[in-house]
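One structure is given here, and the rest of the page talks about it.
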Amino acid sequence: MSDTSLKRQLKVLTIPVFIEIALVMMLGAVDTVMLSRYSDNSVAAVGLDNQLISLVFLVYQFFSMGAAILCAQYIGAGLRKRLVQVVGMALTINLMLGLTVSALLYFFAEELLHLMGLRPELMDDGLVYLRLTGALSFFQAISLTLSASLRSADKVIYPMVVTGIVNVINILGNYALIFGHWGCPQLGVEGAAISTATCRAVSMVLLAIVHFRVHIPKFPLSYFRPMPWQELRYLLKIGIPAMSENVSYSLSQVVITYFINQISNEALATRTYCYNMIMFVYLFCVSITQGGDILVGHLVGQRRHQAAYVLGNYFFRWSMIITLSGSVLLAIAGPNLLKAFTDNEEIIRMGVWVLMVDVILEVGRTSNIFAGSTLRATGDTIYPFVVGIIFQWSIAVGLSYVIGIPLGYGLVGMWIGFALDENIRGVILLRRWRSGKWRNKGFVNE
């Protein structure tokens, strides 16, 4: 396949992935936007809850992330049986993991929120949202694996359509249950939780139907007798470092949120509002990287390493251009956007400064998303993990705390620390990518 064909295929993959991820982000943002009409305290409580839920979802990505990388390489190498084995094992393990974690979130919700330092006046809202969304979070564990499997086979259109359907359901559910329309009770935060949890269940059912019809119609027992231990070992080899890095990042964000919560309710609400705007800025970077990594995995499976390198540099360049353009536009539009969420002058003031600092942060984040994810797609999983652990905790947590609280620069000072963390890690991971040391890390020749 020529470079021109690869770039054309990249566009075909990126557009559906872009739409799907935008809709996934909308699923959380819709709760924030609608709850902002209910109260700023509700937004703050749900924002802290979602830090914990995000951590849980990263745990669920443990095996689905490994399965996606292996599937892409096996498809490139034409190894159909090993593909089926990997997906089957990932689905089974994620189901067991999801049920266990969901039970823990339901029964220990109050203890977890106390541990995170949620203020007493926010506890009722935080507790009801975490219990409802946490108890049914196992649906997301299955959905992540099904979606990853479909994407690895270039069937990216299906997760996009499912996510679109789910978003419509969530908007309608929020409208009815938060505010009490169409004869439904006015439930506020509880209504948002019911709507979101229901949507995740619907998403899993639809993805399962599609997966069995268009990708893997059955999982023959003979493929798993004897147990394919080698595939499990590969899943662990990819999944443990990848999950550990992401869990470390999410845990660091939980600790950071705890610090922000100590500043003020306004700081916590500001972080929630700004985060829900900023995530759309780096949406294209995430989308083109996910689409590109499918092709990189295929090329590595075919042992076409130079083509993978050229393609990676191509989509990284476009990621940086579009992400930086979006972050500058967001900083300019920030005051008006924040006023659309809230009339609290302190939240608006902090938010404007945060969005300005974030322009610098996105340079590093774009480099991290590209280099970290693409290195994993080639099989180079340990290096991003080690770099992530070191700098997430020393700079993103440690330095941000010092700047924000002891030095008194508050939320804006902490955002400066985040920007330093992302940029330093970005430089280090880009050097790894350009060194070419990932070229002998593939799995199809093991």
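Annotations
- When the residues of the range 99-145 are filtered to those that are aromatic (Phe, Trp, Tyr) and not in a loop (DSSP other than H, G, I, E, B), the one that is surrounded by the most Cβ atoms within 10 Å (Cβ to Cβ) is Tyr129.
- Residue within the range 200-208 that is out of contact with any His (no Cβ under 8 Å at 6 or more places or on another chain) and basic (Lys, Arg) present: yes
- All positions within the range 336-371 that are touching a Gly at 6+ places or on another chain (Cβ under 8 Å) and surrounded by fewer than 23 Cβ atoms within 10 Å (Cβ to Cβ): Val352, Met356, Val363, Gly364
- The combined condition, being open to solvent by less than 60 Å² (accessible area, probe 1.4 Å), within 25 Å of the chain's Cα centre (by Cα) and hydroxyl-bearing (Ser, Thr, Tyr), is fulfilled by Thr323.
- Conditions (1) part of a helix (DSSP H, G or I); (2) buried (at least 22 other Cβ atoms within 10 Å of the Cβ); number of the one not met by Val281: (1)
- Filtered residue count, the range 297-320, keeping only those that are of a type in the set (D, E, K, R) and either in a loop (DSSP other than H, G, I, E, B) or crowded, with 18+ Cβ neighbours inside 10 Å (or both): 2
- Within the range 102-126, the residues that satisfy the criterion of being among the aliphatic types (A, V, I, L, M) and in contact with a helix residue (DSSP H, G or I) (Cβ under 6 Å, 6 or more places away or on another chain) are Leu105, Ala109, Leu113, Met116, Leu118, Leu122.
- Test for Ser195: is it buried (at least 24 other Cβ atoms within 10 Å of the Cβ), within 17 Å of the chain's Cα centre (by Cα) and either in contact (Cβ under 8 Å) with a residue 12 or more places away in the chain or part of a helix (DSSP H, G or I) (or both): no
- Filter pass, Gly164 being small (Gly, Ala, Ser), open to solvent by 10 Å² or more (accessible area, probe 1.4 Å) and touching an Asp or Glu at 6+ places or on another chain (Cβ under 9 Å): yes
- Hey, Ala148 among the aliphatic types (A, V, I, L, M), touching a residue at least 40 places away in the same chain (Cβ under 8 Å), within 26 Å of Gly88 (Cα to Cα) and part of a helix (DSSP H, G or I) or not: yes
The values are calculated or read from the model by the stated rules, or taken from the named source; none is laboratory data. The structure displayed is predicted, hence computed values, not measured ones. When we count neighbours, we look across all protein chains shown, and the Cβ atoms used for this are built from the backbone with ideal geometry, even at glycine. Heavy atoms of the whole protein, side chains included, go into the accessibility calculation; ligands, DNA and RNA do not. Shrake-Rupley method; radii C 1.70, N 1.55, O 1.52, S 1.80 Å.
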